[in-house]
Amino acid sequence: LIKMKKNKTIVIASHNSGKIKEMAFFLKKISVNILSAKDFNLSEPIENGKTFEENALIKARYVNKKVKKTSIADDSGLVIPILNGKPGIFSARWAGKSKNFNIAMKKLNNLIFKKKVNAYYVSTLAICWNNRKEKTFTGKIFGEIIWPPRGNFGFGYDPIFIPNSYNKTFGEMKIKHKNRISHRAVVFKKFITYLNK
């Protein structure tokens, strides 16, 4: 498989500024030029996959095909076993067109009716190179859902997710701290280890 050359460009296939910021934080470790789908004014592809992996590949392939540069996409979400895995791959869609996660968190709380519930965050990373080579990696972090939301850092469901062995939600953690332990940290560790092999 093709590895990354120094100073090569990677295009992040995302329009989510919180996600782009977090992904760029990890990509800085491999000295590449970082661009995003926004820089090319690309629209977002229809994510009709049935898994995180399928949706990550849809995004990475779409951007790779459009800009002919190495593309990387993350599909991530919150999985709650007692809700049969919801919101799962629909995590962002629960926030509606306005991407209002306060709505999504309330919707979740209305379904749970409990003080604390086990949950985990998943991040699947897909990378597509120009010659149709591709690879995926998956990272998870386990924890629990709390209510009411706490903290203004992070994005998405971060204010209601407390990772195991911590007493702060992702929403209360400074970005540097979250980036050491999150599902995205786990998946990027696998990805960078692979690139450095």
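The values are calculated or read from the model by the stated rules, or taken from the named source; none is laboratory data. Here the structure is a predicted model, which means the values were calculated and not measured. For neighbour counting, all protein chains shown are included, and Cβ atoms are generated from backbone atoms with ideal geometry for every residue, glycine included. Heads up: the accessible areas ignore ligands, DNA and RNA and are worked out on the full protein's heavy atoms, side chains in. Shrake-Rupley method; radii C 1.70, N 1.55, O 1.52, S 1.80 Å.
Within the shell defined by Cβ-Cβ distances under 15 Å, the residues around Tyr166 carry a net charge of +4, with Lys and Arg each +1 and Asp and Glu each -1. Once C-alpha pairs closer than 8 Å and six or more residues apart are averaged by separation and normalised to the residue number of segment 100-187, the relative contact order reads 27 percent.
In this entry, the chain is assigned a mean projected area of 10.7 nm², taken as a quarter of its C-alpha convex hull surface.
Under the membrane-span-like helix rule (DSSP H runs whose alpha carbons stretch at least 20 Å along the helix axis, mean Kyte-Doolittle hydropathy -1.0 or higher), the chain yields 52-67. Between the C-alpha center of segment 82-134 and that of segment 1-71 there is a gap of 19 Å.
Sorted on the mean count of surrounding Cβ atoms within 10 Å across their residues, most packed first, peptides 39-49, 71-81 read 71-81, 39-49. Solvent exposure of segment 91-152 amounts to 60 Å² per residue of accessible area, where only protein heavy atoms count and the probe is 1.4 Å. For the chain, adding -39500 (n - 2.57) for each run of n ≥ 4 DSSP H residues and dividing by the number of residues yields -9500 deg cm²/dmol at 222 nm.
Averaging the sequence gap over all C-alpha pairs within less than 8 Å and six or more residues apart, then dividing by the number of residues, gives the chain a relative contact order of 18 percent. Mean separation of Cα pairs under 8 Å and 6 or more residues apart, divided by the residue count, gives segment 23-87 a relative contact order of 20 percent. When peptides 144-150, 167-173, 191-197 are ranked by their average number of other Cβ atoms within 10 Å per residue, the highest-first order is 167-173, 144-150, 191-197. Of the solvent-accessible surface of the chain, computed with a 1.4 Å probe over protein heavy atoms with every protein chain present, carbon and sulfur atoms account for 52 percent.
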